[in-house]
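The values are calculated or read from the model by the stated rules, or taken from the named source; none is laboratory data. The model shown is predicted, which means the values in this text are computed figures rather than measured ones. Backbone-built Cβ (ideal geometry, glycine too); neighbour counts: all protein chains shown.
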Amino acid sequence: MLQGVYEMSILNIVEQALKSNPDIIRAPSGDFRNLAWAKGDGFIHHLEFFVAPNGEGLYEIDELNRFMDALVPGLEPKLRVPFEIYKPPLIVGKPGKFLQCGNLYFDEEVGHASIVAQEEYTITDEDLKAHYESELGFVDGRRTFSETSVFTCKRKILVYLFPNEAIIRDQNYLSYESLFMIPLSELRKYKPVK
């Protein structure tokens, strides 16, 4: 590797692609950080970018999917959730069909965590002390057990595309509660009349 040249992180590539794209508008993003997550799924940093096409927006499934696929050129997402029309079995109070908004998912390794757990035992009972010394290697009734767990720390990056700027501005569908689904009856309200 040449001195002064470094490999860009996936986050930097995604951010640069979105910032330099004149065809999109960005809404405030979600940025969540928690070291305790390393012991769970390993993701200590979770970012969400909410974007929409500039102008009147896009409303056809094929157009939206093509537009989404071009958001981060040259970088293959780990997972791609396409736009589709979805009729869920039941969403309380909202029957009908929905537009399931698409997203691109990226992740990258950002470090490691080592957790050392140590337990120290001291046995004072003579009968138990003899047993533990012969069976488990205690010395003078004492033994320390230690265990090291190593976790990979990762960053999760999601880029959500919505059909138009008005939808990301009012933020009704930018949450896990909405499942990023827009009722088709609501989508018509956002679509400009020609």
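Annotations for the structure displayed:
- Residue that is modelled with the highest pLDDT [pool: residues in segment 139-171 that are within 30 Å of E186 (Cα to Cα) and of a type in the set (D, E)]: E165
- Taking the criterion of being touching a residue at least 12 places away in the same chain (Cβ under 8 Å) and either of a type in the set (K, R) or not assigned by TED's automatic domain parsing to the domain that holds P163 (or both), the only residue of segment 37-77 that qualifies is K39.
- Residue match in segment 9-28 (condition: under 20 Å from I167 (Cα atoms) and at pLDDT below 90): yes
- Checking L184, L136, L174, L179 one by one, the residue that is modelled with pLDDT under 90 and either over 21 Å from N65 (Cα atoms) or touching a helix residue (DSSP H, G or I) at 6+ places or on another chain (Cβ under 6 Å) (or both) is L136 and no other.
- Some residue of segment 65-76 being at pLDDT below 95 and polar (S, T, N, Q): no
- Close contacts from segment 155-171, counting a first residue that is farther than 11 Å from H46 by Cα and a second that is among the basic types (K, R) and in a helix (DSSP H, G or I), with Cβ to Cβ under 9 Å and a gap of 6+ residues or different chains, come to A166/K189.
- As for segment 137-150, it holds no residue that is over 19 Å from the mean Cα position of the chain (by Cα) and part of a helix (DSSP H, G or I).
- Matching option when the condition is modelled with pLDDT of 80 or more and basic (K, R), among K189, K194: K189
- Candidates L58, L104, L47: the one that is closer than 16 Å to M181 by Cα and part of a strand (DSSP E or B) is L104.
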